1. Using the beta-carbon distance between residue A:313 and residue A:89 and R0 = 56 Å, what value does 1/(1 + (r/R0)^6) give for FRET efficiency, to the nearest 0.05?
2. From the phi angles alone, apply the Karplus equation (6.51, -1.76, 1.60; θ = phi - 60°) to segment A:232-242 and give each ³J(HN,Hα) in whole Hz, x where the residue is Gly or Pro.
3. Using only the Cα atoms of segment A:105-181, build the gyration tensor, take square roots of its eigenvalues as a ≥ b ≥ c, and label the shape rounded, prolate or oblate: rounded if a/c is under 1.5, else prolate if a/b is larger than b/c, else oblate.
4. What's the average, rounded to a whole number, of partner chain beta-carbon atoms within 10 Å of each residue's beta-carbon in A:53-60?
5. Projected area of segment A:285-332, taken from the Cα convex hull and averaged over every viewing direction, in nm²?
6. Can you compute the charge dipole magnitude of segment B:2-345 about its Cα centre, using +1 on each Lys and Arg Cβ and -1 on each Asp and Glu Cβ, nothing else charged? Give it in debye, rounded to the nearest 20.
7. Can you sort A:135, B:36, A:280, B:296 by how many other beta carbons sit within 10 Å, fewest first?
8. What's the center-to-center distance, using Cα atoms, between segment B:176-232 and segment B:288-353 in Å?
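Here, each number is a calculation from the coordinates, and none is a lab measurement. None of the values given here were measured: they were computed from a predicted structure. Because the Cβ atoms are built from the backbone with ideal geometry, glycine has one as well, and the counts that use them run over all protein chains shown.
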Protein chains: 2
Amino acid sequence: MVVLMSPTAVLPDSMVPVAPAAEPLAFSRVFARLALHQSALDTFLREQLAEFEPEIRDLAAYALDASGKRLRPALVFLSGWKGSGAPSAELVRVAAVVEMVHLATLVHDDIMDGAEVRRNRPTVARRYGSAAAVLLGDALFAHALHLTTQYPTTGVCAAVSVAMRRVCAGEIVQTLRRGSLRVDRADYSRIVDLKTAELFRVSCQLGAEVAGQPAGFVAAAGRFGRHLGIGYQIYDDLVDFFGEETRIGKTLGTDLTSGKLTLPLLVLRERLEPVDQERLAEELDGRRSPDLATRLEQMRRLGVFARVAGEVAVELADARAALSPWQQLAPAPRLGELADLLEAQVSALAQSS
Amino acid sequence: MVVLMSPTAVLPDSMVPVAPAAEPLAFSRVFARLALHQSALDTFLREQLAEFEPEIRDLAAYALDASGKRLRPALVFLSGWKGSGAPSAELVRVAAVVEMVHLATLVHDDIMDGAEVRRNRPTVARRYGSAAAVLLGDALFAHALHLTTQYPTTGVCAAVSVAMRRVCAGEIVQTLRRGSLRVDRADYSRIVDLKTAELFRVSCQLGAEVAGQPAGFVAAAGRFGRHLGIGYQIYDDLVDFFGEETRIGKTLGTDLTSGKLTLPLLVLRERLEPVDQERLAEELDGRRSPDLATRLEQMRRLGVFARVAGEVAVELADARAALSPWQQLAPAPRLGELADLLEAQVSALAQSS
């Protein structure tokens, strides 16, 4: 349970925190509360291995490793919050479903990105080959959806399968736009809404629903999750430029290098003089090799960080607004703390940037 | 509806028939009966495009193209057979689900195999890139499972999601064993059972179930589908050596070249002298370049075709036996004709080999 005791515990899977020392108690407070929940999830996921065909159990175990931050399960648990005691089997199952869908997308992402390492281990694709990784991702998707059929009605399966299709659609759009300059803010918003916010949204919605919360709160939790997810993705895109390489454990500027027009780059483009806009365009579509140092200097000079951080704040405000009529329900203040945490992360990043 | 009028219509997607002229009426008879069914399926699949996110509709349309043989839908329709009139919406939906799952596996298979052409068009991977193809396959899986949630209970989703996981498991085992000599008949049977027979089985089972057939027949149809699927896969592996290249539209001997120990190669290995066994082993694991002409000559001399064809016959006998107590039900004789068709295909192949 190292992950739960660590100040990094709240962070999403793709990164390690930036300047967590600024708010260490906040992180551990939220996640310490989930100790029994996350341990029930670990047990459940381990038990699921027996459901996989014997020949692929080792691969499934490798992909389901417990070293991730389990952020989406945390959304499920907090949305269905009834106290720090052991969670219901129904809630644990939903948490497992969203985590398994997420892990399947990571297995597939790592193939497409040619990534060699994730969480300090070779990726599934690196370890077992791309072909096995494609198929293992499929098997994880299939099993996640199979778990949804253990609820009395088809509602959970319907919600998860649509969410999964939307996540894939978002990633397809992003993939097809790589290296293209015809990406505007509307495109960026749409991609983020599909590829990231959708699974956050459905995690919150289903957590509340399975816990038997009133329909109004179920919808509110979904809206909260969506805005938190958008805010988180924008933050993650900021980290790609303003994080500290040693801390986030990955190379900075990969979005520029891979031609992904994220919000920091969109804002930078808007603020550059035409001649520099053209240079940035050439870097994005591969005509010129990226000059990260210059782009970072320009971002700092032109106030890109503050502008983008402002958009995270807008999303967090929307997220909190969704919960405000429901403060009397146990989950609402718990979820609100997640918004506080993301806000603290952005502040910490501002200090280090 | 060219596909339905053609003698090739019964053939599975990966091939075009060998010597169909031997039994042209049989093919057209079975598939002509399904004209309204297949046309309802085409309409339904076209309508589904509107359910996909607008940005990925073109890709989904490309992958859902109607030029395939729709063999698995035929299994659904014949298992739920109530006459040649328009099928129920429930039956059409199940047919769409199994076809969509199958098409998704083809999209992923073509990435892994580096295939450039399928059905005389560039593969999805070739046309849109591997990354988009991985994601589109995922989106098709997701949407197929979403369709299963439109039944009153979770049963259809549970059956399809397990089948999908088993298909992937079978393909993973096959992938990991490529180029390995440690594959025996038991391994081969297991791979075939998972990667091919499972979707045949679930197509028949769900077709019968959704049509409201008695539970005994539902189980029998599932057993029929499984044995037909095993028989079909063995036949397909025979075609890889004994088909006519110009007719099947693909290179012969690809299983040898890619190190896949299929049944014809397993039988050949058993019957070779040790020195030739060693040579075959070297060809399979890549130490020596494959000598297809010699292997074919050996297969002919050592009676490999007859031995392997005998195993197809065993599966077809098991398939027919499953149906024999249910001949009074409309679907049973219709399904039996599919076994007859496969038998005729094998005979035609014997003549040309």
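1. 0.90
2. 4, 5, 5, 4, 4, 6, 5, 4, 4, 9, 10
3. oblate
4. Working: counts 9, 3, 11, 10, 1, 0, 3, 3.
The shielding value for this peptide is 5.
5. 5.5
6. On the way: 39 positive and 43 negative charges, 80 e Å.
Value, rounded to 20: 380 debye.
7. B:36, B:296, A:280, A:135
8. The distance from the Cα centre of segment B:176-232 to that of segment B:288-353 comes to 15 Å.
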